[in-house]
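Colleague: Let me give you the structure first, and then I'll get to my questions.
The values are calculated or read from the model by the stated rules, or taken from the named source; none is laboratory data. Just so you know, these numbers come straight off a predicted model, no measurement behind them. For neighbour counting, all protein chains shown are included, and Cβ atoms are generated from backbone atoms with ideal geometry for every residue, glycine included. When the accessible area is computed, the model is the full protein with side chains, heavy atoms only, and any ligands, DNA or RNA have been set aside. Shrake-Rupley method; radii C 1.70, N 1.55, O 1.52, S 1.80 Å.
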Amino acid sequence: MAVATALQTRSLGDASPILGRRIDLGFHSARTLSATVAVLGYGFLALRWGWQAVWIVVVMSTVVATHAVVRRCDGSLTKGTEGVMLALGIDILWVAVTYVVTHPPALVVVPGLTYLVVAPVLALDGWRAAGMVIGAKVGVVAALAITLAVPHQSLAIGQVLIMTGLGVATHLPTIVWLMVNATKNLRSRSVIAAELAAKEARLRMITDSATDGIVALDGSGRVRFANRGVESLFGWTAKEMVGRSLTDFIPSFGQTRAPKLAHRSDYLRLALSGVRRDGGEVPLELTLGRTDEGSEPVYVCVLRDVSEREEAAQRIEFQASLLDQVRLAVVAARPDGRLAYGNATAVAMFGLRPEIMPTIGMWDLLTDPDQGHHIRRSLQQDVTLAAEMQLKAYDGTSFPALVTVTRVHGRNGDPIGFAGIAVDITERKRTEEKLAALVASKDEFVTSVSHELRTPLTVILGMTEELRRDFRQFSSDDVHQLIELIADQSRDLANIVQDLLVIGRADAGGSLVISPSAVDLKTELVHALEVYVPFDRTPDVEVEMAGPVWADPGRLRQIVRNLVTNAVRYGGPNIKVRVSQDVDMTTVSLADDGKGVAPEDVDQIFLPYVRSKAGPALPGSMGLGLAVARKLCKLMGGDLTYKREDGWSVFEVTLPTAQEGTPVFTP
C-alpha cells in the first residue's frame, strides 16, 4: 500500500478537501456576501437613477444569494463537483445578465470574469493551477487602470467610478476567498510534499534494505518502481528497469495471467524463471499482490531467488532417492520419538503410509516396550546401539532384525532427533535354522555312514578270517553259505558307496553319467523285492502288461532298491506295487501302510541327509535314498513324487517308456 501511494503522480492539491466541506461552507458564504452586495448596490442604483432594467440584476442577485444560503445551510443537496458546477453555472448566468442589462464598462466585467475563470480551474484541478490566481490579481489591477484612463462614452466619470466600485465590491468576497484558500493550499502543498518526500525516503530505505526484489507494476505490466534487491537478481539497476515491461526480465510472466488472478485473491504465489542481464537464468518465487489506489490498479511483486532452495531440494531428493535404493530400512524420528521419515524399504518393511507416519513413534516398532525404554535411556549418553531385536510392522506382524539406533545432532550440537537402520534377518534366521538342521543331519549322516560301512565290513572281515583260519574244518555247504553271506554284505556295501557317489557328485556340482537303454521294468522290480523285502513280508505286486522303460539299468536298480528299502525301513507291514504305462511315460507306484511322512517334512524328504521324524527308523538309514532316487529319475527324464492317499504312503516313479522294437537290455 505504501509503495502504491508513493508512486501516485496526481496533484498534491488533491490531498486538500477542495471539493469537500471547505468548498461547501466558505465558498457559499462568499457567494452569499457577493450576491447581497449586488442586491443592495444595484437596488440603490435602480432607485437613485431610475434605472428600471437594473431590477432584473437585483432579482438575479437575490436568486444567487438564496441558492448560496440554501446550499450552505442544507448539506443534503448535491455536493462535491456537481455542487460546485451548479453554483458556477448560476454565477455565469448572473454575470451574463448583469452585462446584458447594464452594459457596464470593462472594469465592471473584469472582476466577475476573473472569478469565473479562476474558480472552476482551482475547484476542479485541485489547486494545481494556483499560478492562475496570481495572474488574475494582475489582470484585475491592469483592467482597473485601463478603465480609469479611458472614460466611458455614455456614462459620466462619476457613474463609471460608482459602477466600477460596485462591480469590484460585488465579486470581492469570492475573489478574496479564492486568494486566501489558494495561499493556504499552497502552504499545505509544500507541507504535504515534504511529508511525502520523507515517506518516500523511508520507503526507499526499507525496500532497499530488503534482500528480496520488490517491483511495482502498473495495469499494463510496466515497472514503475524497483528496489535495489532486483539488481542482484537480474543485473539491471532499478533505474534501468523502471518503464520497461516485467516480461523483459521474466518472459513467462505474461503467460501466467497473474494480474487477473491476483484480482481474485489477496496474493498470488508463482514459481517462474527470470533472465539475467548476461543471459543466464535464475529460478524465482514471485508473490503478487494488488492495490487499488485511485482509478489505476498497482501490482506489487516480491521476487525471491530460490536457487539455493532448489539446489537443497535437489540434494534432498537425491539423498531420498539414494536411500530408497538401499536395501536397509532407514527411519528418522523427531526428538519426541514420532517418525518423520522412512525410506522405501522401511515403508515396505513396516507397512507405513505417509499420512500415518507422524502418528507412530519409533519405539512403537519394537515388540518389547521395555527394550524401547532401555534404548532411550542409553541414547541419553549419545551412545550408538546395535543389536538384534524383534520388530513389528503396522499390521502387528513381528520379525527379527539387526537394528542400529543413534541420536542425531544439529549443526550447533543440540540433539534434533533419532535415526534408525534395520535389516530384516528373517531369511537369514531361516537359513541358519536350515543350516543347523543340515549340520545336525550331516553329523547324524556321518554316524550312520560309519555304522553302515562298519556293519558289512565287520561281517565280511569276520567271515573271511574264519575261512582263512579254519577253511579245512568247514564243509562245502558251510563254505558256500559263508561266501553268499560275504557277497550279500559286499552288495550292501557297494550300494552304500553308489549312493554316496551320487550325492557327492551332486554336492560338488559334478555330472553323473547316464547310459539309457530299454530295460525290463518287471524283472527289476521282482528282483529288488525278492532281495530287499524280508521273507515274512509278501508285497502285493500288480504289473499290467508293463513293457520296457528307457533308463540306465544300473541307475534303475539303484532307484528301485532305495524305494524298496525305504518302504521296509519306514513303512508298515504291507507293501504294494502298481505299474501303469502309456506310449510316453511309465509310472511305478510303491505304497506302504505305515504312518507316512509328517506334513512338515514333506518338502524335505527328498533333500540329502534328511529323514522323516514321523517314526523310528531301522538301523542302516542315512537319509540319502530318496534324494538319490529323485536325482536319478530326473536325470533320466522322469521324476519321483510322494503323496498320502487313503492311509497309504505312495511314492510314484515316472520314467520314459521305451519305443516299440527297441532291444531290451540283458544283464
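Colleague: From largest accessible area down, sort Arg557, Arg315; use a 1.4 Å probe on the protein chains.
Modeller: So, going from the largest accessible area down, we get Arg315, Arg557.
Colleague: Listed here are the pairs Lys392/Lys442; Lys429/Lys643; Lys522/Lys595; Lys392/Lys634; Lys442/Lys522; Lys392/Lys434; which of them are more than 31 Å apart at the Cα?
Modeller: Lys392/Lys442; Lys392/Lys634; Lys442/Lys522
Colleague: Would you mind counting up the charge near Gly229? Only other residues with Cβ under 11 Å from its Cβ, with Lys and Arg at +1 and Asp and Glu at -1.
Modeller: -2
Colleague: Please list Glu281, Glu311 in order of solvent-accessible area, largest first, computed with a 1.4 Å probe with all protein chains present.
Modeller: The ordering from most to least exposed comes out as Glu281, Glu311.
Colleague: If one computes the Cα centroid of the stretch 531-609 and of the stretch 236-254, what distance in Å separates the two points?
Modeller: Comparing the Cα centres of the stretch 531-609 and the stretch 236-254, I get a distance of 93 Å.
Colleague: Can I ask one more? Net charge near Ala194, counting Lys/Arg +1 and Asp/Glu -1 over other residues with Cβ under 14 Å of its Cβ?
Modeller: Here the charged neighbours net out to +2.
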